[in-house]
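The values are calculated or read from the model by the stated rules, or taken from the named source; none is laboratory data. Not measured: the values here are computed from a predicted model. Reconstructed Cβ throughout: ideal geometry from the backbone, glycine too, with neighbour counts over all protein chains shown. What goes into the accessible areas is simple: the full protein's heavy atoms, side chains included, and nothing from ligands, DNA or RNA. Shrake-Rupley method; radii C 1.70, N 1.55, O 1.52, S 1.80 Å.
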Amino acid sequence: GSLADSGALIECSHTRTMNKAMVVLQEKTLSSNRGFVLRFWNLGITHIKPGAFRRLGGFGAIKHVPLSGNDLARIENGTFVGLDSVEELDLTDNKIERIDARALDGLASRTKLWLKGNPVTCADIASLAFSCEDQSSPQYN
């Protein structure tokens, strides 16, 4: 079945800012031990404050974070601290021109990045030693 059948799917499509989405998430009670998806796609997000995910350690194993279809232009150092269980980070179809050298700190080295549809490519971040794809990302239903 889909991830929604085996874990939890947290849909944040009705929030307009990342901070508001985090508040909505923190109010939810999660009981899945199989992992879940945080879905932040097509929200018009232009910036993610470094450390925005820091408090999510108590929510269990976040496996997938789709941030596709937003307006992100830069990923700053420490943006993903707190997401050490993430297996896939979908940044496709943004406007990312720069990923800072320590922007992926907090993610496990096994995390797969999806970057299709951005000015920055996998070749640009090869030194960061993450698995990266310049193709379409999987869909999380």
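Taking each residue of the range 125-136 that is among the hydrophobic types (A, V, I, L, M, F, W, C) and looking for partners that are open to solvent by 70 Å² or more (accessible area, probe 1.4 Å) and modelled with pLDDT under 85 with beta-carbon atoms closer than 8 Å, six or more apart or interchain, yields ALA129/SER109; PHE130/SER109. Just one of the numbered conditions (1) of a type outside the set (S, T, N, Q); (2) more than 21 Å from THR121 (Cβ to Cβ); (3) open to solvent by 10 Å² or more (accessible area, probe 1.4 Å) is not true of PHE53: (3). Considering the range 121-141 alone, what residues qualify as being modelled with pLDDT of 80 or more, within 23 Å of ASP84 (Cβ to Cβ) and not polar (S, T, N, Q)? Answer for the range 121-141, where residues must be modelled with pLDDT of 80 or more, within 23 Å of ASP84 (Cβ to Cβ) and not polar (S, T, N, Q): CYS122, ILE125, ALA126, LEU128, PHE130, CYS132, GLU133. Hey, does the range 71-83 have a residue that's modelled with pLDDT under 90 and either of a type in the set (Asp, Glu) or touching a Phe, Trp or Tyr at 6+ places or on another chain (Cβ under 6 Å) (or both)? Yes: one or more hits. Here is a check on your reading of the model: is LEU25 in contact with a Phe, Trp or Tyr (Cβ under 8 Å, 6 or more places away or on another chain), at pLDDT below 85, farther than 19 Å from ASN118 by Cα and open to solvent by 40 Å² or more (accessible area, probe 1.4 Å)? Spelling it out, it is not the case that LEU25 is in contact with a Phe, Trp or Tyr (Cβ under 8 Å, 6 or more places away or on another chain), at pLDDT below 85, farther than 19 Å from ASN118 by Cα and open to solvent by 40 Å² or more (accessible area, probe 1.4 Å). Scanning for something under 15 Å from ASP71 (Cα atoms), in a loop (DSSP other than H, G, I, E, B) and open to solvent by less than 80 Å² (accessible area, probe 1.4 Å), does the range 124-138 turn up at least one residue? No.
Picking from residues in the range 107-123 that are farther than 13 Å from SER68 by Cβ and open to solvent by 30 Å² or more (accessible area, probe 1.4 Å), the one that is nearest to the chain's Cα centre (by Cα) is LYS112.
Per-residue answers, yes or no, for (1) open to solvent by 30 Å² or more (accessible area, probe 1.4 Å); (2) not in a loop (DSSP other than H, G, I, E, B):
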position: ILE48; (1), (2): no, no
position: VAL65; (1), (2): no, yes
position: GLY69; (1), (2): no, no
position: ASP84; (1), (2): yes, no
position: ASN94; (1), (2): no, no
position: LEU104; (1), (2): no, no
